[in-house]
Structures are given as structure tokens and as C-alpha cells.
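Trainee: The structure that follows is given in the form of C-alpha cells.
The values are calculated or read from the model by the stated rules, or taken from the named source; none is laboratory data. The structure presented is a predicted model; accordingly, all values stated were derived computationally and were not measured. Every residue, glycine as well, gets a Cβ built from its backbone with ideal geometry; the counts of neighbours run over all protein chains shown. Note: accessible area is taken over every heavy atom of the protein model, side chains too, but ligands, DNA and RNA are not part of it. Shrake-Rupley method; radii C 1.70, N 1.55, O 1.52, S 1.80 Å.
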Amino acid sequence: MPSLIRNGGLLLSLALLAGCASQQSQQVLTEAELGFQQVKEDPDVLRSAPKDVIRAGESLARAERLSSYWGSAEDVEHYAYLSQRYSQIARQHAELNLNQERLAKLELERERLQLALREAKLLSAQQQGQWLEEQMVSLAASETDRGLVMTLGDVLFDAGRTELKPSANRTILKLVQFLQINPRRAIRIEGYTDNSGVAAENLELSRARAQAVADMLADLGIDPDRMEVKGYGEAHPLAENASSKGRAQNRRVEILISDEQGKLGDYR
Amino acid sequence: MNRRLTLGLTALVLAGCANDPAPHEQMRLTAQAVEQARAVGADPQIEEMRMAEQKLARAEKNMGEEDYKRARVFAEQAELDARLAEAKVVNLKSQKQLDALNARITRLRKQLGELP
């Protein structure tokens with residue numbers, strides 16, 4: 001009799017354990033079923049990752065089959081887990097596919113806009129009547145001890161602003177043309193300010209202006225990999241900061257042009 | 001009779017263990033999946049990558065102990081954890097590319113709109 005009670009107790013606790021385990025595995029199974037339901041009805045997922053969807057279904061079927069056997073809770077959880085993962089992987093692949101399609105479309109749009117912008121800028125420069133004349137003059141760059149340097153003066157930016165003014169168009173276009181004729185050359189775009197105001201802010205302003213020039217060049221089709229951007233702030237003034245004329249000279253963007261192999265000098 | 005049943009059950013359970021072959025192929029696949037995820041830039045900051053690495057380590061430990069059933073379970077899960085981590089990283093990169101391209105297009109539109 002006592003042994004019967006003991007055995008009864010053992011059986012009960014075994015049943016309880018099994019009950020707990022199967023409750024948990026039932027939950028995992030339900031989640032996997034839900035996950036599979038969602039991917040198998042999504043045409044994008046089916047198109048992008050059919051194999052993963054099939055495997056999600058196979059693993060799920062296995063988990064469901066095992067769930068009718070006593071003591072297989074661990075296996076049920078395992079296959080439900082695998083099924084869940086396959087569904088998630090399939091969903092990620094579908095998203096990636098959609099992103100790549102979007103990228104291809106946007107890339108075309110970007111090229112179209114880039115062409116339109118280049119033509120518009122060319123036209124506006126011609127309307128200013130100076131384009132031909134500018135064409136005759138070679139790139140207004142000067143040979144310095146650092147190499148070929150082209151300077152964009154402060155008049156191309158409004159005070160404290162980082163956007164290039166339309167008057168910068170001609171200079172920028174000339175630079176684009178130069179870089180297209182010399183496809184191996186790279187440039188470093190360097191921003192400088194005068195010494196009025198906070199040094200840290202000047203450093204940031206100089207960098208942002210150099211970046212604006214780089215962005216504009218990129219928009220006109222120059223590969224961003226050919227451009228470096230650097231802000232020097234108040235450092236390396238061209239003239240004394242004492243006079244307003246000197247300060248105007250110091251507010252500038254310099255474009256350092258590499259040698260023919262694309263090699264740029266060290267930072268100054 | 002009870003004892004005989006227990007013996008039989010024990011034998012069955014033992015047989016079950018002994019019958020699991022060593023999952024060498026699965027271990028190779030898993031190691032490869034983890035390596036590939038790492039190569040595209042998945043690191044343990046991504047939850048699935050952390051899980052993959054932990055489970056692969058567990059599977060390797062179980063292989064050493066000749067507990068092949070557990071080794072296979074951990075290795076199979078780790079393989080899919082790693083594949084999910086890889087897919088997430090690649091996806092994140094494409095999302096960033098999209099954002100950058102969208103920003104460029106916005107900038108181009110703005111410039112075109114500002115021209116005289």
C-alpha cells in the first residue's frame with residue numbers, strides 16, 4: 001500500500017513535469033505556427049526566399065507531429081524554434097530584396113536629377129554671359145608648396161551659412177570639368193575661417209562649408225571616393241585678421257588637387 | 001516486474017543516446033554560417049549573433065563529451081541564429097544606403113528648385 005502511494009506520487013509529479021514542459025512547448029509551437037502563417041501568405045516573402053519558407057513549413061510539420069508524442073517536449077521546442085528562425089530569415093530576405101529594388105529605382109532617379117542639375121547650372125552660367133570667357137581661362141589654380149591649390153573665396157557663402165550661393169556655380173563647374181578630364185586626380189576640400197567668434201564653432205563651420213562643396217561636386221557626378229573633406233577653422237590664415245579685408249581673405253575654401261596618380265599630400 | 005520495466009526503459013533511453021551519430025557535417029555547416037555572419041560584420045551586439053556563438057560553443061563542448069544529440073540540437077539552432085544575424089546586418093546596410101540615397105535626391109531636388 002505505501003509503495004502504491006509512493007508510486008502514485010511519483011507518477012503524479014512526472015505527469016506534472018510533462019505537463020509543464022508541454023505547456024511551454026505548446027507556446028513555442030503556437031508562435032512558430034503564427035510566424036509561418038504570416039510568411040507563407042506574403043507574396044514578397046514567397047518570391048524572395050521560397051526555400052526558407054519551405055523549410056519553415058517542414059520544421060513546423062515535424063514539431064506538430066512530435067507534439068502528439070509523450071515526452072518529446074524538447075524536440076517539439078527545437079523544431080518549432082528552427083521553423084520560427086526560417087520564417088524570420090525568409091522575412092529578412094524579402095525585405096532586403098525590396099530594398100534593393102528601391103535602391104535601383106532611386107539610383108536612376110538620382111542620375112536623372114544629376115543630369116538635369118548639371119544642364120541647368122551650365123545654362124545659368126551661360127546666361128551670365130561669362131561661360132565662354134571662363135572656358136578660355138584655365139582653372140584658376142595656383143601652384144603652391146603643397147601642390148596645386150584652388151581657392152573659393154568667402155563671397156560664395158553667406159555669413160555663418162554653409163550653403164553655397166549660386167555665384168559659386170561657375171567655379172564649381174570648372175572644377176567638375178577639370179576632374180572629369182583628369183579622372184585619376186583626387187582632391188582635398190579644406191575649409192578656413194577668420195578668427196572672429198568661438199574657435200570650436202569656426203572649426204565646425206569650416207568643415208561644414210568644405211562638406212557643402214563636396215556634396216555639390218558629388219551631386220554633379222564626382223565620385224565621393226575621390227574627395228576628402230577637412231576643416232581647419234581659424235588655422236593657417238592667408239592674411240592678418242586685424243582688418244576686415246584680411247578677415248575676408250581668410251574666410252575661404254581651398255581645394256588641394258592631387259598629383260596625377262591621385263596621391264594627396266599630408267595634412268598641414 | 002516494476003524493476004524489469006525500469007531496466008527496459010533505461011536500456012531504451014541509453015540506446016537512444018548511443019544511436020545518435022556524431023553530427024560532424026552539421027558542426028561544419030554551423031561554423032561556416034557563424035564565420036560568414038562575422039564576415040559581413042555581425043558582432044555579439046546583435047542578439048542573434050551572441051546566441052549563435054554561445055550555442056556553437058555549447059555544441060563543441062557537447063561534441064567533446066560525446067553527447068551528440070545535444071550537440072546537434074545546439075548546432076542546428078546556432079546555424080539559423082547566425083544566418084538570421086547575417087541577414088539582419090545585410091538588411092541594415094541596405095537601409096543605410098537607402099537613407100543616404102534619399103538624402104542625396106532630396107538635396108538635388110532642392111538645388112534644382114532653387115535655380116533661377
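Trainee: Checking the cross-link filter: which lysines have an alpha carbon closer than 23 Å to that of A:LYS51, excluding same-chain neighbours under 8 positions apart?
Mentor: Within reach: A:LYS40, B:LYS88.
Trainee: Compute for chains A and B the buried accessible surface, both sides summed, probe 1.4 Å, and express it in Å² to the nearest 100.
Mentor: 3200
Trainee: Follow-up. Under 10 Å from the Cβ of B:ALA31, count the other residues' Cβ atoms, weight Lys and Arg +1, Asp and Glu -1, and hand me the total.
Mentor: -2
Trainee: Could you do me a favour and compute the accessible area per residue for the range A:134-260, 1.4 Å probe, result in Å²?
Mentor: 47
Trainee: Return the carbon/sulfur percentage of the accessible area of the range A:132-257, one whole number, probe 1.4 Å, all protein chains in place.
Mentor: Here carbon and sulfur together make up 52 percent of the probe-accessible area.
Trainee: On a 1.4 Å probe surface of the protein chains, which of A:LYS165, A:LYS263, B:LYS55, B:LYS93 comes out largest in accessible area, and what is the full order?
Mentor: The most accessible residue leads, giving A:LYS263, B:LYS93, A:LYS165, B:LYS55.
Trainee: Also, quick follow-up: What ranking of B:LYS61, A:LYS105 comes out by heavy-atom accessible area, probe 1.4 Å, highest first?
Mentor: Solvent-accessible surface, decreasing: A:LYS105, B:LYS61.
Trainee: May I pose another question? For A:SER68 and A:LEU108 in the same chain, what is the full-extension length gain: residue separation times 0.36 nm, less their Cα-Cα distance, in nm?
Mentor: Using 0.36 nm per residue and subtracting the Cα-Cα distance, I get 8.9 nm.
Trainee: Also, quick follow-up: From the protein chains alone at 1.4 Å, what is the descending order of accessible area for A:ILE54, A:ILE172, largest first?
Mentor: Accessible-area ranking of A:ILE54, A:ILE172, largest first: A:ILE54, A:ILE172.
Trainee: Can you pull the percent of the range B:22-114's accessible area that's carbon plus sulfur, 1.4 Å probe, other chains left in place?
Mentor: About 52 percent, which is the carbon plus sulfur part of the accessible surface.
Trainee: Whole number in Å², please: accessible area per residue of the range A:65-111, 1.4 Å probe, ligands, DNA and RNA not counted.
Mentor: 55
Trainee: Between the chain alone and the structure with every protein chain in place, find the residues of the range A:91-108 that drop at least 40 Å² of accessible area; heavy atoms, 1.4 Å probe.
Mentor: A:GLN92, A:LEU96, A:ASN99, A:LEU103, A:LEU106
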